[in-house]
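Heads up, the thing below is written out as structure tokens.
The values are calculated or read from the model by the stated rules, or taken from the named source; none is laboratory data. The structure presented is a predicted model; accordingly, all values stated were derived computationally and were not measured. Here the Cβ positions follow ideal geometry from the backbone for every residue, glycine too, while neighbour counts run over all protein chains shown.
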Amino acid sequence: MKRINIVNGPQNASQIILGCMRMPALNTDDAASLIHTAYELGINFFDHATCYGRDGEAETRFGDAFPKTGIRREDVYIQSKCGILSEKGEFNWSKETIIESVNDSLRRLKLDYLDTLLLHRPDLLYEPEQIAEAFDELEKSGKVRFFGVSNVPTMMLEVLRKYIRQPLVINQLQFSLDQSQLIDQTLYVNNLTSERSIDRDNGTLDYCRLHDITVQAWSPLQKGLFQGCFVDDPELPELNRVLGELGERYGVSKTAIAIAWILRHPAKIQTIVGTMNTNHLSDICEATKVDLTHNEWYRLYLASGKYLP
């Protein structure tokens, strides 16, 4: 498993993260087996959110299962996100909500502290002074070690960094061969003939690289937002042809090649995978054994429907 050192954050962190959103589908024993398998495959980073499952059920399942694995708490990184209040139909980054959410997560996860806490999707009414107070309180109490965000663009990051004393070390963003908006606009800049020239995020990836914020790519195999997996999708024959060709060359699956494409980017992106199937997880982790060449990376990018201007 490839490891990275997150600047000002977790060290020796696996480049593949197990996302636990779908963990409520497993019973406690199966969840323990999945966590243990992930750890044996080299994954030492687990991602949660307060909104995963009804009443935080994903965190509860993990909290019940983790003690059964025999893994030491200090040997893994456990991350959660807060701010999405689905039952109220709002995003909320108030001080009260952040602190209450962390306390609820720790209770469900049966933990004394979170390694990282991320603010989950932008609250349009956010008050950075309140966030700064919440982060200070959580850090001082030892309940959170590191802080970050999820799906946050550049200018909001600028505002947050003005008020928050702690470094923002992570930004979760959607990125994949199918959803490559993070890099598209750079290639098509000033090109009136393509909608890909539209700047959708004000250079968020480069901003994160400039300020030592590690990007965590979510939905790395999804078509669209949540339209299924693009691997073996008959509507994407060229992409799957190239995925298959490179998979044969490296002795891995198409899925592993799709993940390897993300890991090849020099930004040292972590990739969140959400499978609850241990065989599929093992297959995905083969991606870390693949080092795509410069040309192979571009072949996959072009096969996904882009073109060089």
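Restricting attention to region 82-136, the residues that are in contact with a strand residue (DSSP E or B) (Cβ under 6 Å, 6 or more places away or on another chain) and of a type in the set (G, A, S) add up to 3.
Residues of region 111-158 that are surrounded by fewer than 18 Cβ atoms within 10 Å (Cβ to Cβ) and within 14 Å of K95 (Cβ to Cβ): L125, E127, P128, E129, Q130, A132, E133, D136, E137, E139, K140, S141.
Are there strands (runs of 3 or more DSSP E) fully within region 1-107 with at least 1 residues that are crowded, with 18+ Cβ neighbours inside 10 Å, aromatic (F, W, Y) and touching a residue at least 40 places away in the same chain (Cβ under 8 Å)? List them.
Numbers: elements: 16-19, 45-47, 77-82.
Because the criterion is at least 1 residues that are crowded, with 18+ Cβ neighbours inside 10 Å, aromatic (F, W, Y) and touching a residue at least 40 places away in the same chain (Cβ under 8 Å), the strands (runs of 3 or more DSSP E) in region 1-107 that meet it are 45-47, 77-82.
Using the structure shown, decide if T37 is under 14 Å from V76 (Cα atoms) and among the β-branched types (V, I, T). Criteria met by T37. Note on region 270-300: among residues that are touching a Phe, Trp or Tyr at 6+ places or on another chain (Cβ under 8 Å) and assigned to a helix (DSSP H, G or I), the one that is surrounded by the fewest Cβ atoms within 10 Å (Cβ to Cβ) is K289. Looking at E129, E158, E133, E137, just one residue is free of Cβ contacts under 8 Å to residues at least 24 places away in the same chain, more than 21 Å from K268 (Cα to Cα), charged (D, E, K, R) and outside any loop (DSSP other than H, G, I, E, B), and that residue is E158.
Here the condition is being among the β-branched types (V, I, T) and modelled with pLDDT under 95; of V189, V169, it holds for V189 alone. Checking each residue in region 194-229 for being touching a residue at least 24 places away in the same chain (Cβ under 8 Å), surrounded by fewer than 20 Cβ atoms within 10 Å (Cβ to Cβ) and over 14 Å from Q179 (Cα atoms) picks out S194, N202, G203, Y207, R209, H211, D212.
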